[in-house]
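Student: Have a look at the structure that comes next, please.
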Amino acid sequence: MQSVDLIIRDAQEIITCVGKASNDIGLLKNKSIAIKGETILCIADFEEIATNYHIDSAQIIEANDKVVSPGFIDSHTHLVFSGSRVAEYAAKVAGEDLDLLRKQGLLMGPHETIKQTQKESFESLLAQSKKRVEKMVKYGITTIESKSGYGLTVESEIKILEVSKQLNEVTDADIINTFLGAHGIPDDLTKAEYIKVIIEEMIPQVAEKNLAVFCDVWCDDGYFTKEESREILEAGLKYDMLPKIHADAYSDIGGSDLAAEMAMVSIDHLNYTPKEILDNLREKDVTAVLMPSLDFAVAHKRPFNAREILDRGVTVALATDLCPASYTMSMPFVINLACRLYQFTIEEAIKAATYGGARALNLSDRGMLKEGLLADILIWDTNDYRNIAYYLGDNLVEHVVKRGRMIF
């Protein structure tokens, strides 16, 4: 008989997320999970596990009166950056005259973050970002997508991605890199000149150093057009970087059309996405990544009801969008907001933060609790999974198991 390394025993509730519907969390009661190495052997009654496996040397975690779920998968972050935009945030909250503050020298927006990130050393960026990852793990996030985009020079974009690659080695979370050089346009280049730099210099170097799984672009007014976005993403595809897109955050200029046309892995934001495009996204299996914490933090002028997206059958992921404009490392907080701001049910929100996140990162080995999948597992200090959404601003995560190993 095969031996077992770890058993999570007699959980009150196990959220498996194996159901097909967006609100089907595959709930099991009073079951145990047997783990060998990095993977789940089975989910069954404890007596069945004890009969079919050697358990004498297994570590056993008593989960009676606890909830067990998959680890959260944060599929949209700007993890590596330097500096704070708290002065800008405070001014906006207070309703101050932003144009006057700009004239007085207050730097605002992404360009302030870009400026600070460009001048920061690799070591300093690594230390700052490592602290963020450690906090995210405590909130149950076990896999993190990390975008570049606060560099906008070849050197700085490479530096950000190399920091993320190092984070994957020195932290307990899995860090998955996305190249987002097309996150803005530097002041010293025209857009055409910068697109040439992205395609001819950045993408080849990122590929040569094996620094990114995905290529992303911001398709919106003032950033990159649909055709410019296509050109950049097709250049990434030549180097096996799968396409993602920031689209329709502040305008509809065809980004969602492009996402469907290119059958992208994900489209992120979607505030202005036309309803008639949603069927195309579903048919092309494009995951919609939504970030209610960003809409909340910036008081978005068009926060939306996500029911239409869910009801059309589009796979949805929830993400933190961790960045200076959405400074949260808490997926439970994102779930809180999704339920109230986006009208998600609790089941839909939990599934979007687990299974949906895996889909948004093209991962089939996690996001669910199932035989043969990675043992990325959370144990919650509650006996009712609905408290994950009901407890506002709280953190009920008690244990985090990552690849079969207790990390928190």
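The values are calculated or read from the model by the stated rules, or taken from the named source; none is laboratory data. This structure is a prediction, so every number in the text was calculated from the model and none was measured. FYI the Cβ positions are ideal-geometry reconstructions off the backbone, even for glycines, and counts take in every protein chain you see. Only protein heavy atoms, including side chains, enter the accessible area calculation; ligands, DNA and RNA are left aside. Shrake-Rupley method; radii C 1.70, N 1.55, O 1.52, S 1.80 Å.
Student: Given the options Q12, Y53, A90, identify the residue whose Cα lies farthest towards the positive end of the charge dipole of segment 1-105 (+1 on Cβ of Lys, Arg; -1 on Cβ of Asp, Glu).
Tutor: A90
Student: What percent of all Cα-Cα pairs in the chain falls in each 20 Å bin, counting up from 0?
Tutor: Bin by bin from 0 Å, the calculated values are 28, 56, 15, 1.
Student: Using a 1.4 Å probe on the protein chains only, how many percent of the accessible area of the chain belongs to carbon and sulfur?
Tutor: Exposed carbon and sulfur together represent 47 percent of the surface.
Student: Related question: Rounded to the nearest 20 Debye, what is the dipole magnitude of segment 135-195 about its Cα centre when Lys and Arg each give +1 and Asp and Glu each give -1 at the C-beta?
Tutor: So the dipole magnitude of segment 135-195 works out to roughly 260 debye.
Student: Can you tell me the FRET efficiency between R386 and Q2 if r is taken as the Cβ-Cβ distance and R0 is 45 Å, rounded to the nearest 0.05?
Tutor: Computed FRET efficiency for R386 and Q2 comes out at 0.80.
Student: Accessible area of S251, 1.4 Å probe, to the nearest 10 Å²?
Tutor: About 10 Å², ignoring ligands and nucleic acids.
Student: Any idea how far apart D172 and K301 come out in nm if each label point goes 7 Å out from Cα toward Cβ?
Tutor: So the two model labels end up 4.4 nm from each other.
Student: Which percent, to the nearest 5, of DSSP beta bridges fully inside segment 31-157 are antiparallel?
Tutor: 60
Student: In addition: Which ³J(HN,Hα) values, rounded to whole Hz and listed in residue order, are derived for segment 379-394 from phi using the Karplus coefficients 6.51, -1.76 and 1.60 in 6.51 cos²θ - 1.76 cosθ + 1.60 with θ = phi - 60°, glycine and proline given as x?
Tutor: These are the phi-based 3J(HN,Hα) values: 10, 9, 7, 6, 9, 9, 4, 5, 5, 4, 8, 6, 7, 7, x, 9 Hz.
Student: Which order do Y139, Y250, Y385 take when ranked by solvent-accessible area (1.4 Å probe, heavy atoms of all protein chains), largest first?
Tutor: Y250, Y139, Y385
Student: Next question, about the same structure. Ignoring ligands, DNA and RNA, what accessible area per residue does the chain give at 1.4 Å, in Å²?
Tutor: Roughly 41 Å² per residue, with all protein chains present.
Student: So, one more: I need the peptides 221-234, 300-313, 277-290 ranked by packing, meaning the mean over residues of other C-beta atoms within 10 angstrom, with the highest value on top.
Tutor: Those peptides, ordered most packed to least, come out 277-290, 221-234, 300-313.
Student: If I fit a long axis through the Cα atoms of helix 110-119 and take the longest principal axis of the Cα atoms of the chain, what angle between them do I get, 0 to 90°, rounded to 10?
Tutor: 80
Student: Here's something else I'd like to know. Based on Cβ point charges of +1 for Lys and Arg and -1 for Asp and Glu, what charge dipole magnitude is obtained for the chain about its Cα centre, in debye rounded to the nearest 20?
Tutor: 480
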